[in-house]
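All remarks here apply to the structure that follows.
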Amino acid sequence: MKTWSETNMKVQSIIIAGLSLIRLLLSLFALWLTLGWKVRKTRRAFEKQLIRQGMAKKDAKKLSAQYSKMKNEIINSLKGSLVRNI
Amino acid sequence: MSEEKEKRKEKEEKEDVEELREVLGVVSKEVPALIKSIIASVFSEEAGRDMGKAAAAFYKELKDAGMPEETAVKMTENYISVFTSLGDILKGVGKKGKVIISTKEGEEIGKEISEEVSRKIKEKLAEKRREEEEEDEE
């Protein structure tokens, strides 16, 4: 028969693990939310440099689309590893 | 005696819980910070500007050398894609040492290769036939 202390410890451990997981997921969610904004800023700075050297705006936008592609790849790989590990 | 044992056990369990609390606290703090710093090194205004400068210099050199606009843009795109293949590297890391090319991608590449090979063979055969016909006519 398990003692009250043993049960208490287990409950405490589960609560700690749950809280840490929630904290981790919230931080990742905040990261995901700010990522889109960061990508937009990066793309704009990148395009500006290309346009300054005489590249057409359309071509500069096409080249900077690589950043969005990379963002999607990173998010997908993070999602994949999270799903695999949880 | 048994009371003492129980107390020791309880103390050990308390220490375990404390340790778990510390470990999970560090993990939940450090993992997002690590990901954040990796992302910031690629997706930031400064990183975009630096990469843009490098790509623009590359493009300008090509243009100055007399390269047509379309080719220069295409080559600059290839130049950037080397840098942006970071996503592929991350994918590979996530797969724990497995082959980076996925089965679907592998199949697509294989299909492309076989199509290209059969096209080349057909071209060569047609060329050979033409040569033989020309020889016969002579």
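Across peptide B:66-73, the mean count of Cβ atoms from other chains lying within 10 Å of each residue's own Cβ comes to 2.
Per residue of peptide B:37-47, the mean number of Cβ atoms on other chains within 10 Å of the residue Cβ is 5. As a ratio to 2.2 N^0.38 Å, the alpha-carbon radius of gyration computed for segment A:1-75 takes the value 2.05.
Over segment B:1-52, the hull volume per residue, using the convex hull of the C-alpha atoms, is 43 Å³. Between residue B:2 and residue B:50, the simple label model (points 7 Å from Cα in the Cβ direction) yields a spacing of 6.8 nm.
Take every residue in peptide A:40-52, count the Cβ atoms of other chains within 10 Å of its Cβ, and give the average of those counts.
Values: counts 2, 7, 10, 3, 4, 10, 12, 2, 5, 11, 10, 2, 4.
Taking all residues of A:40-52 together, the mean is 6.
Once the mean of 1/r is taken over each pair of separate Cα atoms and inverted, the protein assembly as shown shows a Kirkwood hydrodynamic radius of 22.9 Å.
Within the set A:41/B:74; A:41/B:63; A:57/B:111, which residue pairs have Cα atoms separated by over 31 Å? Display every interim value, and only then the final one.
Details: A:41/B:74 23 Å; A:41/B:63 27 Å; A:57/B:111 35 Å.
Violating the 31 Å limit, Cα to Cα: A:57/B:111.
Taking label points 7 Å from Cα along the Cα-to-Cβ direction, residue B:112 and residue B:69 give a separation of 2.7 nm.
Any read-out appearing in this document is the output of simple, stated calculations on the displayed coordinates, not a laboratory observation. If you're wondering where the values come from, they're calculated on a predicted model, not measured in any experiment. Glycine gets a Cβ as well: all are built from the backbone with ideal geometry, and neighbour counts include every protein chain shown.
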